[in-house]
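J.: Following this message is one structure expressed as structure tokens.
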Amino acid sequence: MCMEQQGSIKDNFIIDCENVTKEFTTERGTLKVADNFSLKVKENEFLVLFGPGQCGKTTLLNLIAGLEPATSGKITVNNKEVNKPDPERGVVYQTTALFPWLTVKGNVEFGPKVRGISKAERERRTAHYIKLVGLEGFENSYPVKLSGGMQQRVGIARAYCNEPVVMLMDEPFGHLDAQTRYLMQEELVRIWESEKRTAIFVTNNIEEALYLADRIVVLTNCPASVKCEYNITMKRPRDYVDPEFLRLREEITNIVDKTL
């Protein structure tokens, strides 16, 4: 059932967006992309932002990441106001944006190395996260030699290697073929269950949203605001042909279609 946003003062929220508005100035005037957007995300929750294409999902993720300033409103992560990027907020992009001149190991350890993390700790983290994403044996491979799915695994390991408080993922599997996409969804659930970090995942694929999420926040068309949300209680791993999965897929799809 579609619900309005809910929350209790007793809940332990790690991300809090309060009445966030984002406007861009264009040649045609002011473009409002987010309008009084409010969202609270619990610690260790896997939340999916779901909505039609071009509704502002990526912009919202960039605001939470500190890559864009909000026009008005306030965003806090881990009780600190967001006003710039921070290693506490790991980001996995639509494209992997790997450094082609660095190996898998070099890409994964890049963040901790730049931050001055000790070599011993860097080596520990890098080995752990390369193993976690299933790339043992590929440490010395360059991105050009890897498949799309393997490159995205490197991107996930690189984000995790900074050991962030929250993971922000912007349609990271959107460019993959269907079979690889399903495999990466399974892998992401496994990784998330192992690490249990708070995650926000952006997608416009309803099956992906239902497979991954503890909670799905359905957005309006641009400018983005919260239309409603769903708590997803199906046990993991989830079955795409489970009757509850199919029911929710139809219900949420119909809600989004009505916003177009």
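The values are calculated or read from the model by the stated rules, or taken from the named source; none is laboratory data. Remember, it's a predicted structure, so these values are computed and weren't measured experimentally. Every residue, glycine among them, receives a Cβ derived from its backbone with ideal geometry; neighbour counts consider all protein chains shown.
J.: Looking at (1) surrounded by fewer than 19 Cβ atoms within 10 Å (Cβ to Cβ); (2) at pLDDT below 95, find the lone condition where Asn140 falls short.
T.: Of the numbered conditions (1) surrounded by fewer than 19 Cβ atoms within 10 Å (Cβ to Cβ); (2) at pLDDT below 95, the odd one out for Asn140 is (2).
J.: If you don't mind, there's one more thing I want to ask. Mind checking whether some residue in the range 39-48 is free of Cβ contacts under 8 Å to residues at least 40 places away in the same chain, surrounded by fewer than 22 Cβ atoms within 10 Å (Cβ to Cβ) and assigned by TED's automatic domain parsing to the domain that holds Phe201?
T.: Taking every residue of the range 39-48 in turn, at least one turns out to be free of Cβ contacts under 8 Å to residues at least 40 places away in the same chain, surrounded by fewer than 22 Cβ atoms within 10 Å (Cβ to Cβ) and assigned by TED's automatic domain parsing to the domain that holds Phe201.
J.: Mind listing just one residue for me: the one in the range 166-198 that is free of Cβ contacts under 8 Å to residues at least 40 places away in the same chain and in contact with a Gly (Cβ under 7 Å, 6 or more places away or on another chain) and, of those, surrounded by the fewest Cβ atoms within 10 Å (Cβ to Cβ)?
T.: It comes out as Leu183.
J.: Just for the range 174-203: of the residues that are aliphatic (A, V, I, L, M) and assigned to a helix (DSSP H, G or I), which one is nearest to Arg238 (Cα to Cα)?
T.: Filtering the range 174-203 for residues that are aliphatic (A, V, I, L, M) and assigned to a helix (DSSP H, G or I), the one nearest to Arg238 (Cα to Cα) comes out as Val189.
J.: Determine which single condition Ser72 fails, assuming it passes every other condition in (1) at pLDDT below 95; (2) touching a strand residue (DSSP E or B) at 6+ places or on another chain (Cβ under 9 Å).
T.: All conditions pass for Ser72, except number (1).
J.: Next up: So which residues in the range 63-87 are among the polar types (S, T, N, Q) and touching a residue at least 60 places away in the same chain (Cβ under 8 Å)?
T.: Hits for the range 63-87 are Thr76, Asn78.
J.: Give the residue, chosen from Val226, Val166, Val189, Val154, that is of a type outside the set (S, T, N, Q), under 25 Å from Glu81 (Cα atoms) and at pLDDT 95 or above.
T.: Among Val226, Val166, Val189, Val154, only Val166 is of a type outside the set (S, T, N, Q), under 25 Å from Glu81 (Cα atoms) and at pLDDT 95 or above.
J.: Moving to a separate point now. It is to be established whether one or more residues within the range 66-89 are touching a Phe, Trp or Tyr at 6+ places or on another chain (Cβ under 8 Å) and either in a loop (DSSP other than H, G, I, E, B) or surrounded by fewer than 19 Cβ atoms within 10 Å (Cβ to Cβ) (or both).
T.: Within the range 66-89, one or more residues are touching a Phe, Trp or Tyr at 6+ places or on another chain (Cβ under 8 Å) and either in a loop (DSSP other than H, G, I, E, B) or surrounded by fewer than 19 Cβ atoms within 10 Å (Cβ to Cβ) (or both).
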